[in-house]
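Remarks on the structure that follows.
No value in this document is a laboratory result; all are computed from the given coordinates. This structure is a prediction, so every number in the text was calculated from the model and none was measured. Here Cβ is always computed from backbone atoms with ideal geometry, including for glycine, and neighbour counts include all displayed protein chains.
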Protein chains: 2
Amino acid sequence: MTGLEAVKYNDDGLVPAIAQDKATGTVLMLAWMNEATLRETLETGRMVYWSRSRHERWAKGDTSGDIQKVVEARYDCDGDTLLFVVEQAGGGACHTGEFSCFFRAFGDDPAQ
Amino acid sequence: MTGLEAVKYNDDGLVPAIAQDKATGTVLMLAWMNEATLRETLETGRMVYWSRSRHERWAKGDTSGDIQKVVEARYDCDGDTLLFVVEQAGGGACHTGEFSCFFRAFGDDPAQ
């Protein structure tokens with residue numbers, strides 16, 4: 001697919017992938033892909049990441065049901081970051097139950 | 001500032017920072033910050049990154065005039081990615097002149 005040749009992976013063979021919710025524009029999460037999971041994501045239309053902690057392929061939603069359907073697949077001017085506009089299924093993207101992983105702001109009272 | 005203690009830097013002392021345009025919701029770019037430029041960003045309300053290629057502090061807009069004013073400063077559930085909602089000045093975030101660095105999609109005709 002056009003564009004794959006422009007992607008630059010880091011020393012671990014990974015590239016950061018941002019997922020943004022189509023309906024709300026909310027930035028949901030950032031995770032990582034290797035070339036295989038990027039290709040699988042583009043071919044299947046479903047977000048598949050690479051888990052840096054578990055060192056394994058991670059098809060988003062396999063456990064939680066919160067799958068992400070790809071609407072747009074973009075890459076940046078340097079080819080070293082990916083942006084996917086997605087339809088987020090289920091309650092949200094975050095393992096905490098929040099819709100977005102970015103639910104905390106600097107300066108928030110930690111008791112809140 | 002609350003939240004700084006939650007930020008996890010990689011082996012190079014860096015954390016990825018996503019900039020999203022306040023007015024349009026467009027994801028503008030991803031760049032990197034070290035602890036010093038993150039603190040400067042939070043204290044000054046203006047996006048300051050760390051250039052991995054030049055190995056130096058990079059106050060966005062110093063050369064181009066396309067500064068980014070911080071509206072919201074967030075961090076994710078793992079503390080290893082930052083999200084800033086910004087007011088993008090000038091023509092846009094990208095050095096190519098595009099508003100967003102993510103102006104190319106996989107599958108686009110490269111002649112376009």
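Worth a mention:
- Rounded to whole numbers, the Karplus 3J(HN,Hα) couplings from phi for the range A:69-80 are 8, 6, 9, 9, 10, 10, 9, 8, 4, 8, x, 10 Hz, using 6.51 cos²θ - 1.76 cosθ + 1.60 with θ = phi - 60°, and x at Gly and Pro.
- Helix B:35-44 axis, angle to chain B major axis (alpha carbon atoms, nearest 10°): 80
- Taking other C-beta atoms within 10 angstrom as a stand-in for reagent exposure, B:SER53, B:SER64 fall in the order B:SER53, B:SER64, fewest first.
- Here the range B:4-88 yields Rg over Rh of 0.94, to two decimals, using C-alpha coordinates and the Kirkwood radius.
- Pairs beyond 21 Å (Cα-Cα), from A:LYS8/B:LYS22; B:LYS22/B:LYS60; A:LYS22/A:LYS69; B:LYS22/B:LYS69; A:LYS22/B:LYS22: A:LYS8/B:LYS22
- Computed on the Cα atoms alone, the convex hull of the protein assembly as shown gives a volume of 129 cubic angstrom per residue.
- Minimum Cβ-to-axis distance in chain A for the rotation onto chain B, with residue, whole Å: A:GLY25, 2
- Spatial offset of the range B:51-94 relative to the range A:1-43 amounts to 20 Å, using the alpha carbon center of each.
- Theoretical FRET efficiency, 1/(1+(r/R0)^6), r = Cβ-Cβ of A:THR44 and B:ASP62, R0 41 Å, to 0.05: 0.45
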